[in-house]
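This report refers to the structure that appears directly beneath it.
The values are calculated or read from the model by the stated rules, or taken from the named source; none is laboratory data. Model, not experiment: these values are computed from the prediction. Heads up, the Cβs are rebuilt from the backbone with ideal geometry, glycines too, and the neighbour counts pull from every protein chain shown.
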Amino acid sequence: MTALADHDSIRAVQWRGDVLRLLDQRRLPAEESWLECRTAAHVRDAIADLVVRGAPAIGIAAAWGVVLAAQTGEALTPVLEHLRAARPTAVNLMWALDRMRARIEAGADAEALQREAQVIQDEDLAANHRMGALGAALIDAGSGVLTHCNTGSLATAGYGTALGVIRAGVAEGRIERVFAGETRPWLQGARLTMWELVHDGIPAKLIADSAAAHLMRSGQVQWVVIGADRIAANGDVANKIGSYQLAIAARHHGVKFMVVAPSTTVDMATPSGEAIEIEMRDPNELLSIAGVRTVIDGASAWNPVFDVTPASLIDAIVTERGVIERPDAERMRAMFDPS
Ligand code: MRU
C-alpha cells in the first residue's frame with residue numbers, strides 16, 4: 001500500500017547527518033517552516049517550546065539531541081539530564097534517553113548512537129502501523145470517531161497513534177465520520193490535526209471542545225480515540241487536558257473510549273495516574289489565543305496541560321503488542337510485565 005493510499009505523507013522529524021530538521025509546530029497551519037537544530041541544547045529548547053511535541057516525537061527528537069552532543073564532543077551525562085528535564089509528563093522522553101544512556105554506558109561512539117536513534121525512530125513508525133491495524137479492527141463499519149489533541153505524523157515518527165487508527169479506519173472504510181476537538185489552550189486539534197487531515201485527504205469536522213457531549217448525544221460518534229503521554233501500571237492514562245472529561249461524557253452516552261499508544265508510553269514503574277506529574281505551563285497560553293490577548297490585563301489563569309483518565313473509563317488500550325480491553329493492573333501486568 002502506498003503512503004498516499006494510507007493517507008500518510010508527513011514526516012516532521014528529519015535527521016540529516018549532522019542536523020535535526022523539525023517542522024515548526026508553533027507556526028502551523030499558517031506557515032510550514034523548518035527549524036534546524038545543531039546542538040542538544042537547541043533540541044531541548046525545541047521540545048520545551050513545542051516546536052516538536054507529542055510523546056513519541058519528543059522521545060525521538062531527544063535521542064537525536066544525544067547524537068548531536070556526541071558528534072560535537074560534549075559530555076553526555078549532563079546532556080541526558082538536560083534533555084530529560086525538557087518536559088515532565090510524557091514518559092517516552094525518559095524512555096528514549098534511558099535507551100541512549102544504556103548504549104553510551106556500553107561504550108557506543110557517535111556513529112553507534114546515530115544508529116540507535118534511527119532504530120528508535122523506525123520502531124515507532126512500525127509500531128504505529130501495527131496499532132493502526134489493531135485499533136481499526138475494533139471499529140464497526142460506518143462508524144464516527146472523535147479525537148483530541150494531535151496524535152498523528154506530527155506527534156510521532158509518522159502515521160500516528162490515535163490518528164493512525166483513524167488513517168487505517170478511513171482507508172478500510174470502517175470510519176465514515178471524523179471529528180476533532182480544538183484542544184484549547186494550544187489548539188493542537190484545530191491547528192495541527194485539521195492540518196494533517198486536510199493535507200492527507202481525510203474529511204473531518206472541527207468541533208469546539210465544549211461541543212463534545214452534544215456531539216455524542218447526537219449519535220454521530222461511536223468511539224473516542226485518543227493518544228497518551230504516560231500509561232500507569234493500573235491502566236490509568238495521562239493525556240492532553242480535556243481527555244478525562246471526554247471519557248466521562250463517552251461513558252454517559254454509551255460511546256466507546258480507545259487509547260492508542262506504543263509500549264514506549266507504558267510506565268510500569270508508576271503504579272497509578274496519581275503518581276504522574278502533570279505539566280503546568282505558562283498561564284499566558286490560556287490568556288491569549290494565537291498570540292492575541294483575550295482576557296483583561298490583571299487576570300490570572302490555571303493551566304495544567306494534561307489530565308488523568310482512570311482505567312475504569314477506558315474500553316481499550318491499543319499498543320503494538322496487542323489490545324487490552326477494560327484495562328486494569330492484572331491485564332497490564334500480563335502484557336507488559338509477564339515475569
Ligand atoms: O502537549 P503536547 O502537544 O505534547 O501533548 C500531546 C498529547 O497529549 C498527545 O495526545 C500524546 O502525546 C500522544 S501523541 C501520539
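Assorted remarks:
- Condition broken by Ala155, with the remaining ones in (1) within 11 Å of the ligand (Cβ to nearest atom); (2) in contact with a strand residue (DSSP E or B) (Cβ under 8 Å, 6 or more places away or on another chain) satisfied: (2)
- Within the range 158-181, the set of residues being hydroxyl-bearing (Ser, Thr, Tyr) and more than 9 Å from the ligand (Cβ to nearest atom) comprises just one member, Tyr159.
- So Ala211, is it surrounded by fewer than 17 Cβ atoms within 10 Å (Cβ to Cβ) and more than 16 Å from the ligand (Cβ to nearest atom): yes
- Candidate set from the range 182-208 (those that are over 20 Å from Tyr159 (Cβ atoms) and in contact (Cβ under 8 Å) with a residue 60 or more places away in the chain); member that is farthest from the ligand (Cβ to nearest atom): Ile207
- Pair list, Cβ < 6 Å and 6+ apart or interchain, from the range 287-311 residues that are over 21 Å from Asp49 (Cα atoms) to residues that are surrounded by 10 or more Cβ atoms within 10 Å (Cβ to Cβ) and of a type in the set (Phe, Trp, Tyr): Thr309/Tyr244
- Qualifying residue in the range 8-17 (condition: touching a residue at least 60 places away in the same chain (Cβ under 8 Å), under 23 Å from Trp186 (Cα atoms) and either outside the structural domain of Val119 (by TED's automatic domain parsing) or not in a loop (DSSP other than H, G, I, E, B) (or both)): yes
- Counted residues, the range 36-56 - those being within 23 Å of Thr193 (Cβ to Cβ) and either in the same structural domain as Ala238 (by TED's automatic domain parsing) or away from the ligand (no atom under 16 Å from the Cβ) (or both): 0
- Cβ-Cβ distances below 7 Å connect the following pairs, each with a first residue in the range 262-284 that is over 14 Å from Ala238 (Cα atoms), a second residue that is surrounded by fewer than 16 Cβ atoms within 10 Å (Cβ to Cβ) and small (Gly, Ala, Ser), and a separation of six or more residues or different chains: Pro283/Ser300; Pro283/Ala301.
- Test: Thr89 is away from the ligand (no atom under 16 Å from the Cβ), touching a helix residue (DSSP H, G or I) at 6+ places or on another chain (Cβ under 9 Å) and in contact (Cβ under 8 Å) with a residue 24 or more places away in the chain: no
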